[in-house]
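What follows is one structure encoded as structure tokens, with my remarks underneath.
The values are calculated or read from the model by the stated rules, or taken from the named source; none is laboratory data. Computed from a predicted model, the values in this text were never measured in an experiment. Positions of Cβ are generated from backbone atoms using ideal geometry, with glycine treated the same way; all protein chains shown enter the neighbour counts.
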Amino acid sequence: MIVLNDVHKFYPTRSGPVEVLRGVNFTLAPGEKVGILGRNGAGKSTMIRLVSGVEQPSSGLVERSMRVSWPLAFTGAFQGALTGYDNMRFICRIYGVDFSDKVGFIEEFTELGPYLREPVKIYSSGMRARLAFAISMMIEFDCYLIDEVAAVGDARFQTKCHVELFERRGDRALIIVSHDENYIRAHCQRACVLVDGILHHFSDVEQALDFHGSLMTA
Amino acid sequence: MSDQPSGFTFRSSARIQCDVLWALILREIMTRYGRHNIGFLWLFVEPMMFTLGVTALWTLAGMHHGSDLPITAFALTGYSAVLLWRNMPGRCVAAIAPNSVLMYHRNVKIMDIFLSRLLLEAAGATISFVILGIIFIMIEWIPLPEDVFKVLGGWLLTAWFGASLAILLGAWSEVSEMVEKIWHPAAYLLFPMSGAAFMVDSLPPEFQKVILWLPMVHGTEMIRDGFFGSRVTTHYDPSFMALVCMILTVLALAFERKISREYVVE
């Protein structure tokens, strides 16, 4: 389970604190797949960060009783001076996973070959995306947080991602932040819409998309 | 799986803590020294070069330090202690921003970044001190330390001082850019006053009282007392230094706590 209870988040700015989340309540059961919609700046990424534990709420409670991933984005958080292998080793170490078990998967998934021994800073954005996604699939979680999975990479890469995330890990919970209506429709059982820091819940994805659509045209 | 939220035990948490610190240390070694030439050996070769250079300079300059001690013993004890307390804050000031992305992984905390750098820095300075000490003793430039435990005590106090100051300044530098600007001249100016280049006993009595307000002077004097206490008069008070370190530690932990709660990952 993931439970957010009356969560508020303030960020300091030059013109005083800004309340990005105003009392968000949210529950996610194991295996549930939920979409989060909202305009730019509505607080979607902030919510994902609080769920993942990267940042702390200003007030309210965030409870995690399942293994929750870091916010997955295809850009990846790499140390450019280190090689692909070194970046992988680092992630394995901090999650207490044996690196040698994962090398085969990484090599096969990324198809980076000898580039895995080169510093990540020489990678193209497509190569980085492949490495980042492979690394996020290297650690097994009960819930994956997917922040704005834009259409990155070619069709082959997209298919492989689909297989790893939605087929092989079809039983896991997902929280997906996206502007892509079809993506939310295809993968989510229900959806929420963030409007000015307040979370609106919809048990039906189409209702959420309609509500979101009406906000965008308003 | 290490990241199991339900059923946290002290053991599992300690395990995660060690995994994270070890990963950060290895990562820091890789980014700083890479796999080229002598690699991680630079960790202690670099401070050794500093100490050797200072020893050579002081010997050539025929530096007067108010006792009949060989300059080598004087430089080794003094300059090694400086490297220990001065490099730790140097590595922790402005250390958070370049490592911001690592905190996307919830087990990596600001404190882990500080601790991994402190452990590396302390290890580098200590290994350099020990290796040079052994070499100098073997070629009979300096005698064996008279009291190894006093040397160890002075060294540990100096390390504690450096570490608590480092965390305090490291956390503070996240809030104010002034800290980074001021630390560099401050560290430079504190060096000649830190007891590395003089024995407290050789100072005028009024000045001794003033200089003994600086905590690192006590650590350096204690190390020298342990090395060659029967040949010099040293002035130090371990309880004073420990008290200062305690206060710095409390402030440092409070500050670190505050910025950790409010930290916004890039």
For this session: Pick out, from segment A:12-92, the strands (runs of 3 or more DSSP E) lying fully within it that include 2 or more residues that are farther than 18 Å from B:VAL101 by Cβ.
Result: A:18-28, A:33-38, A:59-64
Problem set entry | Lone unmet requirement of (1) more than 9 Å from chain B (Cβ to nearest Cβ); (2) under 18 Å from the mean Cα position of the chain (by Cα); (3) farther than 20 Å from A:MET138 by Cβ for A:GLU55 | (1)
Seminar exercise, completed: Expected single match for more than 14 Å from B:VAL264 (Cα to Cα), at pLDDT below 90 and not aromatic (Phe, Trp, Tyr) among A:GLY31, A:GLY41, A:GLY35 is A:GLY41
Exercise. Just for segment B:215-266: of the residues that are of a type in the set (Lys, Arg) and under 18 Å from B:ASP68 (Cα atoms), which one is nearest to the other protein chains (Cβ to nearest Cβ)?
Worked result: B:ARG224
Problem set entry | Tally of residues being assigned to a loop (DSSP other than H, G, I, E, B) and under 22 Å from the mean Cα position of the chain (by Cα) across segment B:112-147 | 2
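Would you call A:GLY84 small (Gly, Ala, Ser) and surrounded by fewer than 19 Cβ atoms within 10 Å (Cβ to Cβ)?
no
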For this session: For segment A:106-127, enumerate the residues that are part of a helix (DSSP H, G or I), more than 21 Å from the chain's Cα centre (by Cα) and over 25 Å from B:ARG32 (Cα atoms).
Result: A:GLU107, A:GLU108, A:GLY113
Exercise. Among the residues of segment A:125-137, is any closer than 27 Å to B:ILE16 by Cα, of a type in the set (A, V, I, L, M, F, W, C) and touching an Asp or Glu at 6+ places or on another chain (Cβ under 7 Å)?
Worked result: yes
Exercise. What residue, among those in segment B:6-42 that are buried (at least 16 other Cβ atoms within 10 Å of the Cβ) and of a type in the set (Val, Ile, Thr), is farthest from B:ALA122 (Cα to Cα)?
Worked result: B:ILE16
Problem set entry | Within segment B:63-107, considering residues that are more than 30 Å from B:ILE139 (Cβ to Cβ) and of a type in the set (Val, Ile, Thr), the one surrounded by the most Cβ atoms within 10 Å (Cβ to Cβ) | B:VAL93
For this session: For residues that are within 9 Å of B:GLY170 (Cβ to Cβ) and assigned to a helix (DSSP H, G or I), tally how many sit in segment B:89-111.
Result: 4
Problem set entry | Subset of segment B:106-162 [small (Gly, Ala, Ser) and without any contact (Cβ under 8 Å) to a residue 60 or more places away in the chain] | B:ALA122, B:GLY133
Exercise. Only one of (1) of a type outside the set (Val, Ile, Thr); (2) surrounded by fewer than 22 Cβ atoms within 10 Å (Cβ to Cβ); (3) within 14 Å of chain B (Cβ to nearest Cβ); (4) within 26 Å of A:MET216 (Cβ to Cβ) is not met by A:PHE26, so which one is it?
Worked result: (3)
For this session: Test each condition in (1) modelled with pLDDT under 90; (2) crowded, with 16+ Cβ neighbours inside 10 Å; (3) not aliphatic (A, V, I, L, M) for A:ASP142 and report the one that comes out false.
Result: (1)
Exercise. Counting only residues that are of a type in the set (A, V, I, L, M, F, W, C), under 19 Å from B:VAL54 (Cα atoms) and free of Cβ contacts under 8 Å to residues at least 60 places away in the same chain, how many does segment B:177-192 have?
Worked result: 1
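Quick check on my filter: what residues within segment B:25-44 are among the hydrophobic types (A, V, I, L, M, F, W, C) and more than 8 Å from chain A (Cβ to nearest Cβ)? Please lay out each step first, then the result.
Residues of segment B:25-44 that are among the hydrophobic types (A, V, I, L, M, F, W, C), as a first pass: B:25-26, B:29-30, B:38, B:40-44.
The answer is B:ILE25, B:ILE29, B:ILE38, B:PHE40, B:LEU41, B:TRP42, B:LEU43, B:PHE44.
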